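Working notes, beginning with the structure itself.
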């Protein structure tokens with residue numbers, strides 16, 4: 001087994017990376033997701049999700065006032081209050097997109113494509129894409145697709161390492177291994193830890209702040 005990608009002090013009580021919950025700005029029951037796609041730039045990935053290129057701007061995450069539960073993505077775009085706020089950045093070959101309301105998952109329309117699963121659409125033209133989300137309903141899912149084909153679609157109701165089949169992609173299997181195990185009856189954070197390990201995403205909010213980020217609104 002590989003060394004865990006996250007140390008225990010960087011995880012919350014559900015095994016989810018703490019920086020994601022701080023970014024969400026919720027005391028409990030977050031409803032958000034992260035997409036990651038390889039070999040696609042952040043601005044291009046935002047456009048594929050339907051963002052007007054003219055609405056994409058550099059992002060600087062503000063400090064959070066005490067007691068404020070607004071997502072940091074939403075605080076960064078204030079005074080606008082759109083339906084969905086997206087934060088995008090790049091680490092190596094991977095672009096990630098944080099959706100503060102979890103709206104761009106499942107069957108979200110991908111630009112220039114017929115209706116399809118969002119992760120599938122992002123992965124077309126020879127790319128790899130993965131999506132992990134946690135819903136207010138208690139569902140915690142992970143979807144993995146390569147070249148327009150879904151290879152893993154989980155979440156009934158929570159992604160588990162046991163969901164990997166014998167033919168699971170080697171990079172996904174390695175990421176699940178690096179995500180490690182969490183001492184809880186239901187590991188709600190496994191999907192989020194896995195996408196972070198797969199795409200080399202930040203381990204802390206301070207690391208996220210060091211990356212060039214883009215911000216966009218969707219209504």
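Taking residue 118 as the residue in question, decide whether it is more than 15 Å from residue 195 (Cα to Cα) and surrounded by fewer than 23 Cβ atoms within 10 Å (Cβ to Cβ).
Numbers: more than 15 Å from residue 195 (Cα to Cα): yes; surrounded by fewer than 23 Cβ atoms within 10 Å (Cβ to Cβ): no.
The answer is no for residue 118.
Any residue in the stretch 82-100 that is buried (at least 20 other Cβ atoms within 10 Å of the Cβ) and in a loop (DSSP other than H, G, I, E, B)?
There is at least one residue in the stretch 82-100 that is buried (at least 20 other Cβ atoms within 10 Å of the Cβ) and in a loop (DSSP other than H, G, I, E, B).
Given the structure, is residue 123 crowded, with 17+ Cβ neighbours inside 10 Å, under 15 Å from the mean Cα position of the chain (by Cα), touching a residue at least 40 places away in the same chain (Cβ under 8 Å) and over 27 Å from residue 18 (Cα atoms)?
Details: crowded, with 17+ Cβ neighbours inside 10 Å: yes; under 15 Å from the mean Cα position of the chain (by Cα): yes; touching a residue at least 40 places away in the same chain (Cβ under 8 Å): yes; over 27 Å from residue 18 (Cα atoms): yes.
The answer is yes for residue 123.
Conditions (1) crowded, with 20+ Cβ neighbours inside 10 Å; (2) free of Cβ contacts under 8 Å to residues at least 60 places away in the same chain, marked per residue:
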| residue | (1), (2) |
| --- | --- |
| 3 | no, no |
| 9 | no, yes |
| 15 | yes, no |
| 22 | no, no |
| 30 | yes, no |
| 41 | no, yes |
| 49 | yes, no |
| 57 | no, no |
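Give the residues of the stretch 152-164 that are assigned to a loop (DSSP other than H, G, I, E, B), out of contact with any strand residue (DSSP E or B) (no Cβ under 8 Å at 6 or more places or on another chain) and free of Cβ contacts under 8 Å to residues at least 24 places away in the same chain, sorted by residue number. Walk me through how you get there before you give the answer.
Taking the stretch 152-164 first, the residues assigned to a loop (DSSP other than H, G, I, E, B) are 154-157, 159-160, 164.
Filter once more, so that each one left must be out of contact with any strand residue (DSSP E or B) (no Cβ under 8 Å at 6 or more places or on another chain): 156, 160.
If the condition is that a residue be assigned to a loop (DSSP other than H, G, I, E, B), out of contact with any strand residue (DSSP E or B) (no Cβ under 8 Å at 6 or more places or on another chain) and free of Cβ contacts under 8 Å to residues at least 24 places away in the same chain, then 156 is the only one that fits.
Among all residue pairs at least 6 apart or on different chains, which show Cβ distances below 6 Å where the first residue, located in the stretch 202-214, is under 15 Å from residue 94 (Cα atoms) and the second is at pLDDT 95 or above and in a strand (DSSP E or B)?
Matching pairs, first to second residue: 211/89; 213/87; 213/89; 214/88.
Just checking, how many residues over the stretch 76-94 are modelled with pLDDT under 95 and under 12 Å from residue 216 (Cα atoms)? First the steps, then the outcome.
Step one: of the stretch 76-94, the residues modelled with pLDDT under 95 are 76-85.
Of the ones still in play, those that are also under 12 Å from residue 216 (Cα atoms) are 76-78, 80-85.
So the count comes out to 9.
For the stretch 9-48, name all the residues that are closer than 21 Å to residue 186 by Cα and part of a loop (DSSP other than H, G, I, E, B).
Answer for the stretch 9-48, where residues must be closer than 21 Å to residue 186 by Cα and part of a loop (DSSP other than H, G, I, E, B): 12, 13, 14, 15, 16, 26, 27, 28, 29, 30, 31.
Restricting attention to the stretch 134-154, and to residues there that are crowded, with 24+ Cβ neighbours inside 10 Å and modelled with pLDDT under 95, which single residue is farthest from the chain's Cα centre (by Cα)?
Here is the first cut: in the stretch 134-154, the ones crowded, with 24+ Cβ neighbours inside 10 Å are 134, 140, 142-145.
In the following step, the residues that additionally are modelled with pLDDT under 95 were identified as 134, 140.
Details: 134: 9, 140: 12 Å.
It comes out as 140.
So residue 30 fits all but one of (1) under 22 Å from residue 135 (Cα atoms); (2) modelled with pLDDT of 90 or more; (3) in contact with a strand residue (DSSP E or B) (Cβ under 7 Å, 6 or more places away or on another chain); what number is the exception?
(2)
The values are calculated or read from the model by the stated rules, or taken from the named source; none is laboratory data. Fair warning: this is a prediction, and the values are worked out from it, not measured in the lab. Cβ atoms come from the backbone with ideal geometry, glycine included; neighbour counts cover every protein chain shown.
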